[in-house]
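Colleague: Okay, here's the structure, questions in a sec.
The values are calculated or read from the model by the stated rules, or taken from the named source; none is laboratory data. Source: prediction; values computed, not measured. Cβ placement follows ideal geometry from the backbone for every residue including glycine, while neighbour counts extend to all protein chains displayed. For accessibility, only protein heavy atoms count, side chains too; no ligands or nucleic acids. Shrake-Rupley method; radii C 1.70, N 1.55, O 1.52, S 1.80 Å.
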Amino acid sequence: MNMPVDGPAAGLPQGDPGVRPAGGPAGPAGDHLREVALFVALHLGRAPGVLWPEHDHPLVGDGAESGVADPDVELLAAQIAAATGLGARPAPAGVPHGHLLVHQMAGATTWSVVGSGEDGRDASLRYRLRAGEVLYVPDGWSRTAEPTPVARWTAVVLHPDGPEGPERPATD
């Protein structure tokens, strides 16, 4: 189902399964990236959210608790950039500034996010991210990760300004 989107994400793909983003992969990777693009389009700059993907990206794994290889984060960032039309780069260690897209690889992590919603009200949310799930946190929201001992994730910073978007120093 295509849903209309206004605002800064209006130009993002709307998840049409018959249309593949230019330069994007086919098969499961392409299906996953279309899901992520629609998810980002719906949340970008608005509010945090969790995606329980129907299609797993081969670089992210199948959500298994063990045996998930670390993904090629540079390639994943490039594919997310191609699918969304946004600038994307691997996130540095810690919890960096910027729009953050987290792919949980193994184990579970509880994320606490605090910020102001579109209505200007302060919000404090907690998300339990399990293997295979994706978390989006808007720029300007503080975020803290509480991982289990076996938790692994990879993160990509999105830049609505495009590939040359501003970079700010990471914070812990």
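Colleague: Out of residues 5 or more away from A91 or on other chains, whose amide H comes under 5 Å of its own, with H placed 1.01 Å from N in the peptide plane?
Modeller: Close amide H contacts, sequence-distant or interchain: A155, V156, V157.
Colleague: Then there is this: For H99, list long-range residues whose amide hydrogen, built 1.01 Å from N in the peptide plane, is under 5 Å from its own amide hydrogen.
Modeller: Those lying under 5 Å, H to H, from H99 are D139, L158.
Colleague: Residues in region 121-135, backbone N under 13 Å from the label point at T144 (7 Å along the Cα-to-beta-carbon vector): list them, ranges by number please.
Modeller: Flagged as within label range: 124-127.
Colleague: Using the Karplus curve 6.51 cos²θ - 1.76 cosθ + 1.60 with θ = phi - 60°, what ³J(HN,Hα) values do you get for each residue of region 72-86, in whole Hz, with x for Gly and Pro?
Modeller: 7, 5, 4, 5, 4, 4, 5, 5, 5, 4, 5, 6, 9, x, 9
Colleague: Let me ask you something else. Taking the Cβ-Cβ separation of T110 and E54 as r and a Förster radius of 30 Å, what is the calculated FRET efficiency to the nearest 0.05?
Modeller: Given R0 = 30 Å and the Cβ-Cβ separation, E is 0.80.
Colleague: For region 117-124, take each phi angle, set θ = phi - 60°, evaluate the Karplus expression 6.51 cos²θ - 1.76 cosθ + 1.60, and give the result in whole Hz per residue in order, putting x for glycine and proline.
Modeller: Per-residue couplings from phi come out as x, 4, 7, x, 7, 6, 9, 10 Hz.
Colleague: If you rank E133, E54, E146 by how much accessible surface each has, with a 1.4 Å probe, what is the order from largest down?
Modeller: E54, E146, E133
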